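Trainee: Structure incoming, see below.
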Amino acid sequence: ADTLRGRLAAIHKIDDKSTSHLARIAGKRLRYLLEPLQTLVPGTTAVVEQLKSLQDALGGVHDAHVLSEALAAAMEAAVAAERLPEPAPSAPAPPENPPPGASSHPGAVQTGATNAGTARGGAIPAPTSRRRDLRSGLREVARRVRASGAAHVRAVRAGWLGGHAHGFVDQVEAGRAD
């Protein structure tokens with residue numbers, strides 16, 4: 001319990017992912033120590049539930065950190081891809097076994113052929129628009145990750161930081177969970 005108190009006290013900035021992750025691990029270890037005592041010591045179940053809540057909140061903060069880093073890298077890749085020239089359209093490969101009377105020469109014009117994009121009822125979107133759609137999608141996912149992370153940060157701050165955990169840890173150390 002003292003390790004958990006120290007780890008929580010070390011969190012000065014919730015954005016420090018290593019410090020909050022160490023607090024999560026300390027809470028997990030304490031929970032694992034207490035779980036077998038739930039049937040033996042009254043009130044232990046409530047303590048275990050509080051520790052699960054701490055783990056969930058700190059886990060959500062950690063997940064937001066990790067996802068934010070991955071999304072930033074994906075956004076950088078998407079922006080870099082936009083700077084690349086558009087790929088040249090490639091000519092369709094000639095059929096391996098052309099029908100009788102058809103030319104297998106790659107430059108030959110086949111009559112009756114349709115464009116695959118228009119045959120499906122519309123134009124195929126240009127690669128540039130797909131790249132912009134990717135960036136828009138990444139921005140939206142990043143927004144949702146930030147919102148989720150912020151909710152977890154609020155939960156950690158409200159229940160566990162700034163001395164909020166001292167009474168809880170004191171109770172655990174005293175062997176009671178009032």
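Trainee: Return the distance in nm (one decimal) between the two label points of a simple spin-label model at Ser148 and Ala74, each offset 7 Å from Cα along Cα→Cβ.
Mentor: Those two pseudo-labels are separated by 1.1 nm.
Trainee: What's the FRET efficiency of Ser18 with Val41 using the Cβ-Cβ distance as r and R₀ = 35 Å, to the nearest 0.05?
Mentor: 0.60
Trainee: Tell me, what ³J(HN,Hα) does each residue in region 25-30 have, in order and in whole Hz, if you take phi through Karplus 6.51 cos²θ - 1.76 cosθ + 1.60 with θ = phi - 60° and put x for Gly and Pro?
Mentor: Listing the rounded values in order: 5, 4, x, 5, 5, 5 Hz.
Trainee: Next question. When Lys and Arg each count +1 and Asp and Glu each count -1, what net charge do the other residues less than 13 Å away from Asp2, Cβ to Cβ, add up to?
Mentor: Numbers: positive: Arg5, Arg7, Arg29; negative: Asp170, Glu173.
For residues surrounding Asp2, the net value is +1.
Trainee: Could you compute the net charge surrounding Arg146? Neighbours are other residues with a C-beta less than 14 Å from the C-beta of Arg146; K and R count +1, D and E count -1.
Mentor: 0
Trainee: Along the charge dipole of region 17-69, pointing to its positive end and built from +1/-1 on Cβ of Lys, Arg, Asp and Glu, which listed residue (Leu51, Leu30, His62) has its Cα farthest out?
Mentor: Working it through, the farthest residue towards the positive pole turns out to be Leu30.
Coordinate-derived values only; no laboratory data. Worth saying up front: this structure is predicted, and the values here are computed from it rather than measured. Here the Cβ is made from the backbone with ideal geometry for all residues, glycine too, and neighbour counts use every protein chain on show.
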